[in-house]
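Quick notes on the structure that follows.
The values are calculated or read from the model by the stated rules, or taken from the named source; none is laboratory data. Everything numeric here is computed off the predicted structure, so don't read it as measured data. Positions of Cβ are backbone-derived with ideal geometry, glycine not excepted, and every protein chain shown enters the neighbour counts.
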Amino acid sequence: MSPEKKVVVKKHAYQVNDELADKIRESMKSKNKLFFNMMGSIGAGKTLILEQLAAKLSSKYRVFVINGDVATTIDSDRIAKQGATTVQINTGGGCHLSAKLIQNELDKINIDDYDIFIAENVGNLICPAAWDIGAQLNITVVSITEGEYVVKKHPIIFKNAAIAIINKCDLDGLGFNSDVLAEDASKLKSGMKVILTSAKTGQGIDELIKALGIEP
Amino acid sequence: MHEYSVASAIVDQVKAIVEEHKAIQVKKIIVSASPYEMIIPELLIEAYGIIIHELDKFKNSTLEIQISKAEISCLECDYKGEPDEKGDPEFAYNFICPKCGSRDTHINMKNLTIESVDLVIPDN
């Protein structure tokens, strides 16, 4: 009978991902690149916000958007029409991006060809919160149509973000209310930058650009 | 459900350990997780079973999850330690600092640690 051996490991399960995420972050920082991670539910308005950002920024900056979705290239096609370079990652059944998925796409381009990188991280308020993709700043997007308890029900993804976007504010007062979401996001994390937007009308997009530290 | 990704991350790390020790079989992996880890233990074990199904060296191995202590750090004062069991009455997964009363605390939810691996090694 072959002998058995117990190996003491004491390593974090996320260690490989997190080390690669740190490497991506450091590499972007050393090259003076900006890299943002946009998280939020399906239908929160992430893609339309990214279309707005691409339209406003692409005349001055070279923007590279990595869209994560289960299937299709609908989102990357939409954003590309606004002047950004885009790539679509189809995750199949995967519910989040990872540092490895980001690195795979960065390996296919010359990072120096771009100034700003943004990842659209699939579409839910749970799984993306656990996986560091190497971004310098996390943004969580919710829309007021998701209900008044959406921040309370998903506190972790807000804790992990520096900016909370409350979107679809053009519907404020029409049976929906942005106040409670903005208040919850502010109370949950001190220093949280809460921005009220309507990606449809363009409300709040300039404020978002400022909050991201981008010279318009 | 990101338990599948987590189970894959565990298996990938253990594969390297198997290689390093030239093991012929994995018997058991023990991981520790805090009560506020972003996983459902039953789903993690289920995902592990699916992943190892076609991995000869992992066949019949088990994944055991031990619950470890939760730890918070306060962003207002220097407190670092176990959270108050009552938590924050307003927000789940948030805790009031037992030392200074601040709500501005951080709980480590990525503490899932591979503690040990039981291997069968060649007889030589």
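The single condition among (1) surrounded by fewer than 19 Cβ atoms within 10 Å (Cβ to Cβ); (2) part of a loop (DSSP other than H, G, I, E, B) that A:Ala44 does not meet is (1).
Applying the condition of being surrounded by fewer than 18 Cβ atoms within 10 Å (Cβ to Cβ) and within 10 Å of chain A (Cβ to nearest Cβ) to region B:26-49 and asking which residue is nearest to the chain's Cα centre (by Cα) yields B:Lys28.
Being in a loop (DSSP other than H, G, I, E, B) and touching a residue at least 12 places away in the same chain (Cβ under 8 Å) is the filter; apply it to region B:30-55 and report the residue that is farthest from B:Asp88 (Cα to Cα). Give the derivation first.
From region B:30-55, those in a loop (DSSP other than H, G, I, E, B) are B:34-40, B:53-55; that's our starting set.
Filter again for touching a residue at least 12 places away in the same chain (Cβ under 8 Å), leaving B:34-40, B:55.
Working: B:Ser34: 18, B:Pro35: 16, B:Tyr36: 14, B:Glu37: 17, B:Met38: 18, B:Ile39: 21, B:Ile40: 22, B:Leu55: 44 Å.
Going through the qualifying residues, I end up with B:Leu55.
For region A:173-182, taking the residues that are more than 14 Å from A:Gly40 (Cβ to Cβ) and at pLDDT 95 or above, the one that is surrounded by the most Cβ atoms within 10 Å (Cβ to Cβ) is identified as A:Ser178.
Kindly provide the set of residues from region A:169-216 that are in contact with a Gly (Cβ under 6 Å, 6 or more places away or on another chain) and closer than 15 Å to A:Glu148 by Cβ, ordered by number. Listed by number, the list holds a single entry, A:Leu196.
Results for (1) more than 26 Å from B:Asp88 (Cβ to Cβ); (2) part of a strand (DSSP E or B); (3) within 10 Å of chain B (Cβ to nearest Cβ), shown as yes or no for each residue.
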| residue | (1), (2), (3) |
| --- | --- |
| A:Gly123 | yes, no, no |
| A:Pro128 | no, no, yes |
| A:Gly134 | yes, no, no |
| A:Thr145 | yes, no, no |
| A:Ile156 | no, no, yes |
| A:Ala161 | no, no, no |
| A:Ile165 | no, yes, no |
| A:Val180 | no, no, no |
| A:Ser186 | no, no, no |
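Exactly one residue among A:Ile89, A:Ile133 is over 12 Å from the mean Cα position of the chain (by Cα) and either farther than 24 Å from A:Ile157 by Cβ or surrounded by 16 or more Cβ atoms within 10 Å (Cβ to Cβ) (or both), and that residue is A:Ile89.
Mind listing whichever residues of region B:39-62 are closer than 16 Å to A:Ala13 by Cβ and among the hydrophobic types (A, V, I, L, M, F, W, C)? Of everything in region B:39-62, those that are closer than 16 Å to A:Ala13 by Cβ and among the hydrophobic types (A, V, I, L, M, F, W, C) turn out to be B:Ile39, B:Ile40, B:Leu43, B:Leu44, B:Ile45, B:Ala47, B:Ile51, B:Ile52, B:Phe58. Screening the candidates B:Tyr48, B:Tyr4 for the property of being more than 14 Å from B:Asp118 (Cα to Cα), assigned by TED's automatic domain parsing to the domain that holds B:Pro122 and modelled with pLDDT of 95 or more yields one hit, B:Tyr48.
Return the total of residues in region A:62-86 being assigned to a loop (DSSP other than H, G, I, E, B) and either buried (at least 19 other Cβ atoms within 10 Å of the Cβ) or in contact with a Ser or Thr (Cβ under 7 Å, 6 or more places away or on another chain) (or both).
Of region A:62-86, the ones assigned to a loop (DSSP other than H, G, I, E, B) are A:62, A:70-73, A:81-84.
If we keep only those that are either buried (at least 19 other Cβ atoms within 10 Å of the Cβ) or in contact with a Ser or Thr (Cβ under 7 Å, 6 or more places away or on another chain) (or both) as well, we get A:70, A:82-84.
Total meeting the criteria: 4.
Looking at region A:5-19, can you tell me whether even one residue there is within 25 Å of A:Ala130 (Cα to Cα), at pLDDT 95 or above, basic (Lys, Arg) and not in a strand (DSSP E or B)? Checked region A:5-19: no residue is within 25 Å of A:Ala130 (Cα to Cα), at pLDDT 95 or above, basic (Lys, Arg) and not in a strand (DSSP E or B).
Against the conditions (1) more than 26 Å from A:Val150 (Cα to Cα); (2) surrounded by fewer than 19 Cβ atoms within 10 Å (Cβ to Cβ); (3) within 14 Å of another protein chain (Cβ to nearest Cβ), B:Pro89 satisfies every one except (1). For region A:1-37, filtered to residues that are of a type in the set (Ser, Thr, Tyr) and either within 7 Å of another protein chain (Cβ to nearest Cβ) or in contact with a Pro (Cβ under 7 Å, 6 or more places away or on another chain) (or both), the residue that is surrounded by the most Cβ atoms within 10 Å (Cβ to Cβ) is A:Tyr14.
Taking the condition farther than 20 Å from B:Met38 by Cβ, facing chain A (nearest Cβ under 7 Å) and not hydrophobic (A, V, I, L, M, F, W, C), does B:Ser116 pass? Steps first, please.
On the way: farther than 20 Å from B:Met38 by Cβ: yes; facing chain A (nearest Cβ under 7 Å): yes; not hydrophobic (A, V, I, L, M, F, W, C): yes.
Criteria met by B:Ser116.
Residue check: is A:Asn138 of a type in the set (S, T, N, Q) and under 24 Å from A:Ile66 (Cβ atoms)? Steps first, answer last, please.
Details: of a type in the set (S, T, N, Q): yes; under 24 Å from A:Ile66 (Cβ atoms): yes.
Judged against the criteria, A:Asn138 is a match.
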